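K.L.:
Got a structure for you, written out below as structure tokens; questions coming shortly.
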Amino acid sequence: MTERHLMTTLGPLVRSQLGMILPHEHVYVDLRTPDQPGYASGAEADVVALMAPEIERIKALGITALVECTPTGVGRRADFDLAVSKATGFPIVVPTGIYREPWIPEWVKSATEAELERWMVRELTECFDEADFRAGWIKLSAGDEGITPLEAKILRAAVRASIATGAVIGSHTIKGRVVMDQLDIIEKEGGRADRFISIHTQEEKDFGLNRAVAARGAWIEIDNIGRGEDAEIVDLTTRILTTGYGKQLLLSHDRGWFDPAQPGGGTPLPYTHLSLVLLPKLRAAGVDEAAITQLTHDNPFDAFSRPI
């Protein structure tokens with residue numbers, strides 16, 4: 001079997017080089033639409049000054065890599081990710097892909113599916129538009145009430161790029177029924193549900209839909225750690241483990257970040273709550289060390305790694 005690698009700012013890394021991985025965080029985000037003045041702006045030195053200390057905090061906790069979840073449309077700056085990574089000696093996994101409406105840039109609207117596929121494949125196999133390293137995965141999104149025709153076009157292109165490269169697709173999708181629609185499109189295009197991450201699983205309050213998504217083979221992700229109520233997160237995590245889908249579960253914060261719309265980039269929220277607070281509470285709830293390692297080491301690597 002071909003060895004799998006996590007594609008990072010510091011190059012491809014194999015499982016033995018890594019430990020705990022945070023699968024959903026942000027170093028830099030701009031939630032203004034791409035047509036707004038100052039969109040995706042900032043000085044590299046300012047981003048490093050604000051975000052490098054947050055990386056150093058998690059390094060000290062034994063975390064070995066972080067997945068950046070900012071795609072095109074909400075200010076992706078792979079060059080800033082690379083600068084923070086080099087300043088800290090810490091690997092970051094950065095996506096290709098495109099966010100949902102109304103954050104989709106004009107060039108994407110006029111591009112064909114084939115053109116979008118070629119762009120994603122190039123970023124996954126050669127380098128980013130704005131930085132000289134390879135994308136590690138594909139980040140998308142879908143509307144809360146349903147996937148639009150433009151979002152479906154992007155998804156179909158992403159599926160073909162995933163098939164060509166082995167890269168996982170992750171989607172910010174709030175409703176479980178919309179995730180099921182996305183999985184239908186993926187399977188119709190010849191893709192596999194196990195190369196799809198349902199991001200923000202906790203936002204779908206119907207546990208039956210969470211379970212249905214997992215039953216199709218997709219990854220499910222609880223990513224409001226440090227923002228949601230700990231007791232609710234522990235309960236949802238243990239319910240998923242009890243139903244037998246622990247090998248498909250990812251845990252993270254969805255925190256950070258440098259925001260160019262805020263003076264000085266704003267005040268980042270730390271990536272530490274999982275290590276310092278939630279994992280001890282999961283242990284107290286009866287989750288054993290083998291399961292903790294599965295959730296925090298093995299699952300993120302298995303989800304985001306691919307052959308090269």
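The values are calculated or read from the model by the stated rules, or taken from the named source; none is laboratory data. Since we're looking at a predicted model, the values are computed, not measured. All Cβ positions, glycine included, derive from the backbone under ideal geometry; neighbour counts span all protein chains shown. Protein only, heavy atoms only, side chains kept; ligands, DNA and RNA dropped before computing areas. Shrake-Rupley method; radii C 1.70, N 1.55, O 1.52, S 1.80 Å.
K.L.:
Looking at the stretch 259-282, which of the residues that are over 20 Å from Asp223 (Cβ atoms) and outside any loop (DSSP other than H, G, I, E, B) is least open to solvent (accessible area, probe 1.4 Å)?
P.N.:
It comes out as Gly265.
K.L.:
A further question follows. Would you mind stating whether Arg15 is closer than 18 Å to Asp254 by Cα, of a type in the set (Lys, Arg) and touching a residue at least 40 places away in the same chain (Cβ under 8 Å)?
P.N.:
Spelling it out, it is not the case that Arg15 is closer than 18 Å to Asp254 by Cα, of a type in the set (Lys, Arg) and touching a residue at least 40 places away in the same chain (Cβ under 8 Å).
K.L.:
When Gly244 is evaluated against the numbered criteria (1) small (Gly, Ala, Ser); (2) touching a residue at least 24 places away in the same chain (Cβ under 8 Å); (3) surrounded by fewer than 21 Cβ atoms within 10 Å (Cβ to Cβ), which criterion, by number, is the only one it fails?
P.N.:
Evaluating Gly244 over (1) small (Gly, Ala, Ser); (2) touching a residue at least 24 places away in the same chain (Cβ under 8 Å); (3) surrounded by fewer than 21 Cβ atoms within 10 Å (Cβ to Cβ) leaves (2) as the failure.
K.L.:
Run Phe90 past the list (1) touching a Leu at 6+ places or on another chain (Cβ under 9 Å); (2) farther than 22 Å from Asp46 by Cβ and report the number of the one that doesn't hold.
P.N.:
(2)
K.L.:
Would you please list the contacts, defined by Cβ atoms under 8 Å and residues six or more apart or on different chains, that run from a residue in the stretch 177-193 that is more than 16 Å from Glu151 (Cβ to Cβ) to a residue that is open to solvent by 50 Å² or more (accessible area, probe 1.4 Å) and in a helix (DSSP H, G or I)?
P.N.:
Final answer for the pair search is Gly190/Ile163; Ala193/Glu187.
K.L.:
Determine which single condition Pro12 fails, assuming it passes every other condition in (1) outside any strand (DSSP E or B); (2) open to solvent by 40 Å² or more (accessible area, probe 1.4 Å).
P.N.:
(1)
K.L.:
On to the next question. Filter the stretch 157-176 down to residues that are touching a residue at least 40 places away in the same chain (Cβ under 8 Å) and among the hydrophobic types (A, V, I, L, M, F, W, C) and give me whichever is nearest to Pro307 (Cα to Cα). Steps first, answer last, please.
P.N.:
So the first thing to find is which residues in the stretch 157-176 are touching a residue at least 40 places away in the same chain (Cβ under 8 Å), and the list is 157-158, 160-161, 164-170, 172.
Still in the list and also among the hydrophobic types (A, V, I, L, M, F, W, C): 157-158, 161, 164, 167-169.
Details: Ala157: 20, Ala158: 17, Ala161: 14, Ala164: 11, Ala167: 9, Val168: 11, Ile169: 15 Å.
Filtering first and then ranking leaves Ala167.
K.L.:
Has the stretch 140-156 got at least one residue that is closer than 22 Å to Pro307 by Cβ and charged (D, E, K, R)?
P.N.:
So far as the stretch 140-156 goes, no, none of its residues is closer than 22 Å to Pro307 by Cβ and charged (D, E, K, R).
K.L.:
Can you tell me which residues in the stretch 148-164 are crowded, with 23+ Cβ neighbours inside 10 Å and touching a helix residue (DSSP H, G or I) at 6+ places or on another chain (Cβ under 7 Å)? Break it down stepwise before answering.
P.N.:
Narrowing the stretch 148-164 to residues crowded, with 23+ Cβ neighbours inside 10 Å: 151, 154-155, 157-159, 161-162.
Once the filter is applied, which keeps residues that are crowded, with 23+ Cβ neighbours inside 10 Å and touching a helix residue (DSSP H, G or I) at 6+ places or on another chain (Cβ under 7 Å), the stretch 148-164 yields Ile154, Leu155, Ala157, Ala158, Val159, Ala161, Ser162.
K.L.:
Is there any pair linking a residue in the stretch 107-119 that is under 14 Å from Ile163 (Cα atoms) to one that is open to solvent by 40 Å² or more (accessible area, probe 1.4 Å), with Cβ under 7 Å and at least six apart or on different chains, and which?
P.N.:
Listed by first residue and then by second, the contacts come to Glu117/Arg160.
K.L.:
Okay, moving on. Return the residues of the stretch 15-33 that are farther than 14 Å from Ser275 by Cα, in a loop (DSSP other than H, G, I, E, B) and small (Gly, Ala, Ser); say none if nothing qualifies.
P.N.:
Selection gives nothing.
K.L.:
Mind checking whether some residue in the stretch 85-96 is at negative phi and at pLDDT below 95? Step through it out loud before you land on a result.
P.N.:
Going through the stretch 85-96, the residues at negative phi turn out to be 85-88, 90-96.
From the residues that got through so far, the ones that are at pLDDT below 95 too are none.
No.
K.L.:
Which one is nearest to Leu61 (Cα to Cα), of the residues in the stretch 283-305 that are open to solvent by less than 10 Å² (accessible area, probe 1.4 Å) and not hydrophobic (A, V, I, L, M, F, W, C)?
P.N.:
Result: Thr296.
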